[in-house]
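A short write-up of the structure that comes next.
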Amino acid sequence: MISKQQVVQAYLPAVLAARDEAEAFAPSNIALCKYWGKRDAELNLPINASLSVSLAHLGSRTRLTPAGDDTDRVWLNGTEQAPDSAFSRKLLAFVELFRAGRALPVHVHTRNNIPTAAGLASSASGFAALTLALDQWLDLQLEPAVLSAFARMGSGSASRSLFEGFVQWDDGVRDDGMDSHGVRLAASWPALRIGLVKVATGEKAVDSRAGMKRTIETAHLYQSWPLQAAADLTRLHQAIDTKDFALLGQTAEQNALSMHATMIASWPPLLYWTPDSVAAMQQVWALRQQGLEVYFTMDAGPNLKLLFEADDQAQVEQAFPGIEVVAPFRA
Ligand code: DP6
């Protein structure tokens, strides 16, 4: 088995010097065909390819500066995080892949304009922004595909947050995973809108990493997931190529519910929904029955992400007051 450290080492120059400052932004992303299950837990290599859309201005901004006090320190949204917190340890372990024992103490300032750990994929934008900032800070000048593969080792879905618009994360076949990275699709869809329905914003009980492990280990239903994902990926490409919104929405909603079916079939059962999540789903179905083209997708949490087009925005906002609406493609 190849370690993350070995993978990154192969791309680093012999001499590393840190700049005075580096700053990078990466968008969050919402998967229309989900990543659920790893074939390699060390490198976060997925069992299935996935496809997402990036959330434009919503994401993470990360700034790195050399530590004047010789101590690694981490701030999240302006608040310093305890060195032994899970957040600091995960983030600094990732930085260490690049420093590889060299004395380059760092201060990391990261800001999310999306709720952290509320099923809105802040780890995706967080690791993508950190990877981009490290590339600048250490003047590595690596290709986006390489940076995407590195971001994947922080969090799988981060591989897709290196790019804007529609992004496919290929599963790849190589043992070192360097062919498993995000690829931006050329397509644009200016009328596409994503509505974030915040059912709950607290930390989730079982994170995606533990959730997918439990699903693979205990749910027989998981065996059908790779087939569902492969078929959905084909349908999504067709929908994007022909601008067939109903096909896009239906495929994304069915894909999310299929993933949740495998979670529910796990033991102990994994049900990320609250009664409010179910009420929101039923509201979407009722709106569709009335002729409004609105669909939803959900990740490992209680929140819904609505999919609709610009012409229907007013009606969707009326049905879901207070939702945050994102236009992933600038017109
Ligand atoms: C349900 O990328 O958070 O949001 O690779 O273990 O960090 P790790 O998992 P993560 O999983 C995201 C799962 C998902 C679906 C998706 O975004 O594709």
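A short reminder: the numbers here are calculations on the coordinates, not readings from a lab. Predicted, not measured: the structure shown is a model, and the values here were computed from it. Reconstructed Cβ throughout: ideal geometry from the backbone, glycine too, with neighbour counts over all protein chains shown.
Which of ALA300, ALA310, THR79 sits closest to the plus end of the dipole of the chain, meaning its Cα is farthest towards the positive end, when Lys and Arg get +1 and Asp and Glu get -1 on the C-beta?
The residue sitting most towards the positive pole is ALA300.
When the Karplus curve 6.51 cos²θ - 1.76 cosθ + 1.60 is applied with θ = phi - 60°, which whole-Hz ³J(HN,Hα) does each residue of region 294-306 get, with x for Gly and Pro?
10, 10, 9, 9, 9, 10, 7, x, x, 7, 9, 10, 8
If one takes the longest principal axis of the Cα atoms in the chain, at what angle in degrees, from 0 to 90 and to the nearest 10, does the Cα axis of helix 122-137 lie?
Rounded to the nearest ten degrees, it is 30.
Using amide H atoms built in the peptide plane, which far-off residues or other-chain residues are under 5 Å from CYS33 H to H?
Here the answer is LEU51, since their amide H atoms fall under 5 Å of that of CYS33.
Please build a GNM for the chain, connecting alpha carbons under 10 Å apart, and tell me which residue among GLY182, GLY211, GLY154 fluctuates the most.
GLY211
Please list, in chain and number order, the residues 5+ apart from TRP75 or on another chain whose amide H is under 5 Å from its amide H, with Hs placed from the backbone.
Long-range HN contacts for TRP75: GLN81, VAL108, HIS109, THR110.
Run the dipole for the chain about the Cα centre, Lys and Arg Cβ at +1, Asp and Glu Cβ at -1, nothing else charged, and hand back the magnitude in debye, nearest 20.
On the way: 28 positive and 35 negative charges, 68 e Å.
Using Cβ point charges on Lys, Arg, Asp and Glu, the chain gives about 320 debye.
Give the peptides 89-99, 264-274 in descending order of average Cβ contacts within 10 Å, highest first.
Values: 89-99: 18.5, 264-274: 15.5.
Ranking, from highest mean packing down: 89-99, 264-274.
What are the lysines whose alpha-carbon lies under 24 Å from the alpha-carbon of LYS90, with same-chain residues fewer than 8 places away excluded?
Reachable lysines: LYS4, LYS34, LYS38, LYS204, LYS213.
In nm, give the distance between the simple-model label positions of LEU185 and LYS90, each being 7 Å from the Cα along the Cα-to-Cβ direction.
Going by the 7 Å Cα→Cβ label model, 2.8 nm.
Taking R0 as 35 Å, what FRET efficiency do you get between ALA100 and ALA210 from their Cβ-Cβ distance, rounded to the nearest 0.05? If you can, show how the numbers build up before the last one.
Details: r = 28 Å, r/R0 = 0.80.
After rounding, the FRET efficiency stands at 0.80.
Tell me, what ³J(HN,Hα) does each residue in region 259-271 have, in order and in whole Hz, if you take phi through Karplus 6.51 cos²θ - 1.76 cosθ + 1.60 with θ = phi - 60° and put x for Gly and Pro?
4, 5, 4, 5, 5, 5, 7, 7, 9, x, x, 10, 10
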